[in-house]
Amino acid sequence: MNISIHFDNALRQRINDDMTMRKLATKTQIAYIRAINKLCEYLQHSPETATDEELREFQLFMVNNGDSGITINATLTGLRFLFQTTLNKPEVVAKMSTVSVARTLPVVLNLDEARRFIQAAPHPKFKAALAVAYGAGLRVSEVVALKVSDIDSKRMVLRVEQGKGSKDRYAMLSPALLQLLRNWWSFANKHGQMFKNGWLFPGLNPINHMTARHLSRICKATAFDAGIRKNVSMHSLRHYVPFLTMSVNVKYTADRP
């Protein structure tokens, strides 16, 4: 993402350097730049000359504009990085404050809905990917980034590399989930859709993994096809009924990862 035209090259480079030296995740860097650009569009001048009153008025503008609490808080986080870290002017954001965000109960599928949901997936790849999100509690970005080598069937775990917070961890792997993964692995190898030790859920070009956006769309479509009218999303799948109790109509394959 490009930085606003209201930045000079020196400031632009300093922001990039500050994010790089702190090894911020790419998604975090994009979010920070988006927040800074949003401020610059409002100010119509460089943030280097911004005042605390202008920042206070900017937050009021976002509220009056109907921005959600989540959006306002995310913007504030990016601006705090700019003024506290890069510009060394913490007093400029002193009048900005985080806003309360209404907490809603997560959408939870009951056992029958979960079974219908998984079975309604239109392809073995999507069936396995959605089952991983549901049964292992993985985020969509973690699901699509899995590799074949991340399956440890002996210890019955999935290795999740560089998950949230850039931390590696292990997720539990139930027999039912392993069964679905083996079925997908066998199908993919038979049809040349997967490289050996490559992505577990490759895209149309196996060199790349399936995108998070694509899987999220599949999730919505699958819930609709299953007749589930709840607002099912990849995020809500993480609030699951234990997958261990589910029966799936899939056979084990002869060759197993």
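Listing for the model above:
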item: Positive dipole terminus of the chain, leading residue within Ser233, Leu130, Gln13 (C-beta point charges); result: Leu130
item: The chain shape via C-alpha gyration tensor axes, a/c threshold 1.5; result: prolate
item: Computed E for Arg229/Gln44 - FRET, C-beta separation, R0 35 angstrom, nearest 0.05; result: 0.15
item: Calculated FRET value between Thr211 and Leu111, using beta carbons and R₀ = 30 Å, to 0.05; result: 0.50
item: Gain on full stretching of the segment that runs from Leu60 to Arg14 - 0.36 nm per residue minus C-alpha separation; result: 13.8 nm
item: Over the chain, relative contact order from alpha-carbon pairs under 8 Å, at least 6 apart, %; result: 20 percent
item: With at most 12 neighbouring Cβ atoms within 10 Å, loop trypsin sites (Lys or Arg not before Pro) (DSSP) excluded, longest segment of the chain; result: 24-102
item: For His209, residues with placed amide H under 5 Å, excluding near neighbours; result: Gly203
item: At R0 = 41 Å, FRET efficiency that the Cβ-Cβ distance of Asp152 and Thr85 yields, to 0.05; result: 0.55
item: Links that overshoot a 31 Å alpha carbon limit, given the list Lys23/Lys95; Lys23/Lys190; Lys27/Lys125; Lys125/Lys230; result: Lys23/Lys190
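The numbers here are math on the coordinates, done by the rules we state, and not lab data. Predicted model only: the values in this text are computed from it and were never measured. Methodologically, a virtual Cβ is constructed for each residue, glycine included, from the backbone with ideal geometry; neighbour enumeration extends over all protein chains shown.
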